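Step one of this worksheet: look at the structure below.
The values are calculated or read from the model by the stated rules, or taken from the named source; none is laboratory data. On a predicted model such as this, the values are computed, not experimentally measured, just so you know. Glycine gets a Cβ as well: all are built from the backbone with ideal geometry, and neighbour counts include every protein chain shown.
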Amino acid sequence: MIKRVLILAVLVFFLILFLSRVAGIDTPAQLTGVGAGYVDRSVGELNSPNVVTAVVVTYRGIDTLGEVSVLFLAAAAISLLLGSTGKKNGKGGAKEKRSASEILTTGADILVPVIMLFGVYIFLNGHLSPGGGFQGGAVVASAVLLLFLAYPGFRLRHGILAALESLSGTAYVVIAVLGLILASGFLDSRLLPLGETGRIISAGTIPLVYTLIGLKVGTELAGIIDSLGGDR
């Protein structure tokens, strides 16, 4: 009883502390400083209507490169740890795989191409509307998860997956360095022509970088799903 009272008291304390901080937040009526500079300059300098994309890919592109690197390290660590434990426990042998229902397999046959196409659309269109490489890659990986659920015997081609992940990551770094050499800075999108605002082929290297990020994130998340699935 005393333990429950203490837990409740601690929760109430943190709730009061949280509400007091939230009540004291003063939302500014307009942007100032760096935020205002990003909004004012993104369209004029990069032809990208999506200010978030301009910030993530160009103005703070080195942070995005770090995030992609963290995801790669996480995927590599999961594969290493789960791979070292083995996929069979050696006690009862391999379990017989149970086939999925016809509803699930039929749904997967219909939805997987649509989900893949939607994921590609998200990272190709990320500089024009909400979306981007991380979101599109996650959607593509969800299609892989659906394949694993519908077909227990489904296996990824790890050679192709590793090559695609490595090539996309390498190309991302090469574009970043070329921006430093041939343009005005690291990951400068003006390495390529900016084109016309609102077109798919516009905003310099932003669509290309988001495509590479989408491929890299999608392959890494698919690899994590495959590692977590074990022998399914």
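Which residue out of SER20, SER48 is hydroxyl-bearing (Ser, Thr, Tyr) and out of contact with any Gly (no Cβ under 9 Å at 6 or more places or on another chain)?
After applying the criteria, what remains is SER20.
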Going through (1) loosely packed, with under 15 Cβ neighbours inside 10 Å; (2) part of a helix (DSSP H, G or I) one by one, LEU147 fails only at (1)
SER166 vs (1) farther than 18 Å from PHE123 by Cβ; (2) not in a helix (DSSP H, G or I): all pass except (2)
Residue pairs within 7 Å by beta carbon, gap of at least six or interchain, first lying in region 103-126 and among the aromatic types (Phe, Trp, Tyr), second outside any helix (DSSP H, G or I) and surrounded by 15 or more Cβ atoms within 10 Å (Cβ to Cβ), listed first then second, are PHE123/GLY131; PHE123/GLY132
Screening SER79, SER69 for residues that are outside any loop (DSSP other than H, G, I, E, B), modelled with pLDDT of 85 or more, among the polar types (S, T, N, Q) and surrounded by fewer than 19 Cβ atoms within 10 Å (Cβ to Cβ) leaves only SER69
Being among the β-branched types (Val, Ile, Thr), in a helix (DSSP H, G or I), free of Cβ contacts under 8 Å to residues at least 40 places away in the same chain and within 26 Å of VAL52 (Cβ to Cβ) is the requirement here; does ILE181 meet it? no
Answer yes if at least one residue in region 112-128 is at pLDDT 90 or above and farther than 30 Å from GLY195 by Cβ, and no otherwise.
yes
